[in-house]
Amino acid sequence: MKFLFDLDGTVTQQETLPIIARHFGAEGDMAQLTEQAVSGAVPYEQSLRNRVMMLRDCSVKEVAKLLASVPLYEKIYQFISEHKAQCAVVTSNIDCWCSSLIQRLGCQGFCSQAITCDDKLVEIASIIKKELIVDHFKEQGETVVFIGDGHNDLQAMQHAHIAIAAGLSNPPAPCLIPIANHITKDQQSLYNTLINLTFFCSS
């Protein structure tokens, strides 16, 4: 069994892009772009590119250090620590920013890919398609559980054997409710659900 976790608001207690924007004094601009994405005024991939490139002049090393210390949901971190080989984080955020955070988690990580030069972001080379990561592990014979909370998790959850809509930081996106096998509203109930799935798989 493979457990694939969305990162922002599922493993971390806060969204990571606003944390970066706040640290570098660009919180107002980030909020406006995020609102455009949430309202559907801008497609998700375009919104992500806009938000990431807004921060392109920020030091890559400084961002990675900042995200490495972002608060985590303790029970989710505990589960990942207890089942590292079975867990992976799948995030649309870019690899150079998330590398230290994923290293802290101690599991596999799959991110969007960026090109950097002289400690600055040049461009986003590719935006991850989360459903392809699900398909990759299914092809290896894994029973795939995907845990997410946002619109951009929909296709991954549709492809997964088991979909868990997590409402830890915010209520799950409405589009996830009809397809979710489990809906959890706090980290303890999510942890219990994950433990029950590992027990079911091993029995």
(request) Determine the sum of side-chain charges near SER59: Lys and Arg each +1, Asp and Glu each -1, restricted to other residues whose C-beta is under 12 angstrom from that of SER59. (result) 0
(request) Relative to the longest principal axis of the C-alpha atoms of the chain, give the angle of the C-alpha long axis of helix 130-139, reported between 0 and 90° and rounded to the nearest 10°. (result) 40
(request) Treat each spin label as a single point 7 Å out from the Cα along the C-beta direction, and report the GLN13 to GLU27 distance in nm. (result) 1.6
(request) Taking a cut-off of 22 Å between Cα atoms, list the lysines near LYS120, but don't count ones fewer than 8 places away on the same chain. (result) LYS61, LYS65
(message) Can you say what percent of the DSSP beta bridges in region 68-144, counting only those with both residues inside, are antiparallel? Round to 5.
(response) 55
(message) Name the residue from LEU105, LEU168, PHE199 whose Cα lies farthest towards the positive end of the charge dipole of the chain, charges +1 on Cβ of Lys and Arg and -1 on Cβ of Asp and Glu.
(response) PHE199
(request) Rounded to the nearest 500, what is the 222 nm mean residue ellipticity of the chain from helices alone, with -39500 (n - 2.57) per DSSP H run of 4+ residues and division by all residues? (result) -13500 deg cm²/dmol
(request) Using only Cα atoms, find the angle between the long axis of helix 27-39 and the longest principal axis of the chain, and express it within 0 to 90 degrees, rounded to the nearest 10. (result) 50
(message) Please list, ordered by chain and number, the residues whose modelled amide H lies under 5 Å from the amide H of ASP149; skip anything fewer than 5 residues away on the same chain.
(response) ALA166
(request) Indicate, rounded to the nearest 5 percent, the antiparallel portion of the DSSP beta bridges found entirely in the chain. (result) 25
(request) Taking amide H positions as placed in the peptide plane 1.01 Å from N, state which residues far from PHE110 in sequence (5 or more) or on other chains have amide H under 5 Å from it. (result) VAL89, VAL90, THR91
(message) Given the options ILE76, VAL11, GLN32, identify the residue whose Cα lies farthest towards the positive end of the charge dipole of the chain (+1 on Cβ of Lys, Arg; -1 on Cβ of Asp, Glu).
(response) ILE76
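Since every read-out is calculated from the coordinates, none of them should be taken as a lab result. These figures come from a predicted structure and were not determined experimentally. A quick note on method: Cβ atoms are made from the backbone with ideal geometry, for glycine too, and the neighbour counts reach across all protein chains shown.
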